[in-house]
1. Could you give every pair whose Cβ atoms fall below 6 Å, whose first residue belongs to region 185-209 and is at positive phi, and whose second residue is within 16 Å of the ligand (Cβ to nearest atom) and outside any helix (DSSP H, G or I), counting only separations of at least 6 or pairs across chains?
2. Surrounded by fewer than 18 Cβ atoms within 10 Å (Cβ to Cβ), under 21 Å from residue 135 (Cα atoms) and either away from the ligand (no atom under 16 Å from the Cβ) or over 14 Å from the mean Cα position of the chain (by Cα) (or both): does that describe residue 208?
3. Please state which one of 190, 179 is more than 13 Å from residue 130 (Cα to Cα) and not in a helix (DSSP H, G or I).
4. From the set of residues in region 211-230 that are more than 16 Å from the ligand (Cβ to nearest atom) and assigned to a helix (DSSP H, G or I), which is surrounded by the fewest Cβ atoms within 10 Å (Cβ to Cβ)?
5. Please state which one of 233, 241 is away from the ligand (no atom under 16 Å from the Cβ), touching a residue at least 40 places away in the same chain (Cβ under 8 Å), out of contact with any helix residue (DSSP H, G or I) (no Cβ under 9 Å at 6 or more places or on another chain) and over 29 Å from residue 293 (Cα atoms).
6. Mind listing whichever residues of region 271-290 are touching a residue at least 24 places away in the same chain (Cβ under 8 Å), within 21 Å of residue 124 (Cβ to Cβ) and more than 15 Å from the ligand (Cβ to nearest atom)?
7. Could you say which residue among 278, 293, 297 is touching a strand residue (DSSP E or B) at 6+ places or on another chain (Cβ under 8 Å), crowded, with 22+ Cβ neighbours inside 10 Å and in a helix (DSSP H, G or I)?
8. Please count how many residues of region 117-155 are away from the ligand (no atom under 16 Å from the Cβ), closer than 24 Å to residue 205 by Cβ and in contact with a strand residue (DSSP E or B) (Cβ under 8 Å, 6 or more places away or on another chain).
Ligand SMILES: [Zn+2]
């Protein structure tokens, strides 16, 4: 009996040994073959296409990324989801092309004030929204843009970002670019404004957006009331922040209703043929007008260009600290953690 048991054990050990040998012989080869196959993949892809030159007046600061290969490699799965690929609306306005902006030196866009970079072709528009984030109106703007699978740039007031960080996070999560519009929306050309105070308005604005989002903002900026303080323009240039004026102003802040917003924008576009459109997600009439306006843009043959920054802006620690220490603001802790992890009922 003992011999029989020993024989059985020996047989089992031998079988395991054979299986193990087979595994170590075959598995590494399989793994090696897989690795070779994966390594071969990139060379199968077409080489990166050269940057396209824009039809009109493009400069080196703007790169055109419409040449991304149609079939991205499997490893690109972690890349941000493009609204285009998830669009459920076959007749959506969409995004016609995406441009990446190298903000080195602080280029200016919007021909009302900055004439140097006339990069838009006929019927191309850029959608921009100022003064948010704000309850009701900003989410309504986000919904209208999502329904049309299109995108814009949001120039955020720093204080508003600290009041409603959750809304600003929705803006970013929806794939829009979050730029900055000062800390408190003061006129930087005002008589009492000093260079130091103006710098604080800029930097606290950027720090507030970082406070709200938890990541650095886009190096995109718009001056309140389009008042371009020369020293602030120079300072933003030194910080490598792009500045945005506009081509078509919606004047939505003084429009009596949504129809007037639509008509002002369409009239301005018919006159100029293209351009950066200035609107306010803060304004109720723009929130109400946007579904109709986007339909009118589509019907009029206008195409939306998405402008993305090449990098982000590193905020300055002393201004980050100023935003975090404002006693009227919520603390970063409550923004980052669920209520139940901060405060719990222990006795009733
Ligand atoms: Zn504004």
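1. Going by the 6 Å Cβ cut-off, the qualifying pairs are 185/157.
2. Numbers: surrounded by fewer than 18 Cβ atoms within 10 Å (Cβ to Cβ): no; under 21 Å from residue 135 (Cα atoms): yes; either away from the ligand (no atom under 16 Å from the Cβ) or over 14 Å from the mean Cα position of the chain (by Cα) (or both): yes.
Spelling it out, it is not the case that residue 208 is surrounded by fewer than 18 Cβ atoms within 10 Å (Cβ to Cβ), under 21 Å from residue 135 (Cα atoms) and either away from the ligand (no atom under 16 Å from the Cβ) or over 14 Å from the mean Cα position of the chain (by Cα) (or both).
3. Just one listed residue meets the conditions, 190.
4. Selected residue: 230.
5. Values: 241 fails: out of contact with any helix residue (DSSP H, G or I) (no Cβ under 9 Å at 6 or more places or on another chain).
The match here is 233.
6. 272, 273, 274, 275, 289, 290
7. 297
8. 4
The values are calculated or read from the model by the stated rules, or taken from the named source; none is laboratory data. In this text, all values refer to a predicted model and were calculated from it rather than measured experimentally. Because the Cβ atoms are built from the backbone with ideal geometry, glycine has one as well, and the counts that use them run over all protein chains shown.
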